[in-house]
Amino acid sequence: MNEAPVITIDGPAGSGKGTISQHVAKKLSWHILDSGALYRLVAYAALDKGCSFGDHDALADIARNLDVSFLPQQGGVLKVVLEGTDVSQSIRSESAGEAASKVAAVISVREALLERQRAFAEPPGLVADGRDMGTVVFPNATLKIYLTASAEVRAQRRLKQLKDHGLNATLAGLVSDIQERDARDMNREHSPLRPAADAHTVDTSNLSIDEVVSKVIGLYENR
């Protein structure tokens, strides 16, 4: 479907897909798509405009007209710019993540973002990070990866991220939030979270970032 090669990296919240995607894209000198950020941006813009999450037409309109750029930075950080403003930190809060999960369940929003996501596939290649990259957005991807990890490990990772950004949270609260989000993402009617039939599943619970990146690169080179 796409001339440029595409590696999709899907998985639940906290599985490491964002970090791994950035490192893989850097090693291959490819473009990167953080699809989760798109949904966070729709939610962020909706809240900023006072738009109700129940107004699906308005949410879809916001999704169609997002003016966003993803700019890789030093240290594997991805800068997210919305209408000329750096919102990288604003969209990474727990509340933004919860709002994004609700927005992502709106079919009209997913449809509005579908072609926008596919347009990221340009030479020399694309690493696409999300929850339905391999099943819906890029069904003919060159390589499909599905990352997973226990809820406890994912909560510990998220807690560290939040503390690094000066934000407060509790481990028990994060475990509960992750389990609720998993259930919502896996059971939604449209594009539920699940591994593609031809995806390689990698449990990252006891693996370092370098180990996971090496595994993904190896799978791509030896496909």
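I need the full set of residues from the stretch 7-18 which are touching a Gly at 6+ places or on another chain (Cβ under 7 Å) and either β-branched (V, I, T) or free of Cβ contacts under 8 Å to residues at least 12 places away in the same chain (or both), in order please.
Answer for the stretch 7-18, where residues must be touching a Gly at 6+ places or on another chain (Cβ under 7 Å) and either β-branched (V, I, T) or free of Cβ contacts under 8 Å to residues at least 12 places away in the same chain (or both): just T8.
Right, I178: within 17 Å of the chain's Cα centre (by Cα), farther than 21 Å from L28 by Cβ and β-branched (V, I, T) or not?
Details: within 17 Å of the chain's Cα centre (by Cα): yes; farther than 21 Å from L28 by Cβ: yes; β-branched (V, I, T): yes.
Taking the combined requirement at face value, the residue satisfies it.
Quick one: how many residues across the stretch 181-192 are crowded, with 17+ Cβ neighbours inside 10 Å and at pLDDT below 90?
To start, the set of residues in the stretch 181-192 that are crowded, with 17+ Cβ neighbours inside 10 Å comprises 181-182, 185, 188, 191.
Then drop every residue that is not at pLDDT below 90, which leaves 181, 185, 188, 191.
Total meeting the criteria: 4.
Filter the stretch 165-209 for residues that are in contact (Cβ under 8 Å) with a residue 24 or more places away in the chain and either touching a Cys at 6+ places or on another chain (Cβ under 9 Å) or acidic (D, E) (or both) and give the result.
Passing the criteria: D177, D182, D185, E189, D198, D203.
Kindly indicate the residue of the stretch 125-151 that is part of a helix (DSSP H, G or I) and touching a helix residue (DSSP H, G or I) at 6+ places or on another chain (Cβ under 6 Å) and also nearest to K17 (Cα to Cα) among those meeting that condition. Walk me through how you get there before you give the answer.
We begin by selecting, within the stretch 125-151, every residue part of a helix (DSSP H, G or I); these are 133-137, 151.
Add one more test, that the residue is touching a helix residue (DSSP H, G or I) at 6+ places or on another chain (Cβ under 6 Å), and what stays is 137, 151.
Details: V137: 16, A151: 14 Å.
That would be A151.
Please enumerate the residues belonging to the stretch 89-139 that are polar (S, T, N, Q) and either closer than 22 Å to S29 by Cβ or surrounded by 24 or more Cβ atoms within 10 Å (Cβ to Cβ) (or both). Break it down stepwise before answering.
To start, the set of residues in the stretch 89-139 that are polar (S, T, N, Q) comprises 89-90, 93, 95, 101, 108, 117, 135.
Selection gives Q117 alone.
The values are calculated or read from the model by the stated rules, or taken from the named source; none is laboratory data. This structure is a prediction, so every number in the text was calculated from the model and none was measured. A quick note on method: Cβ atoms are made from the backbone with ideal geometry, for glycine too, and the neighbour counts reach across all protein chains shown.
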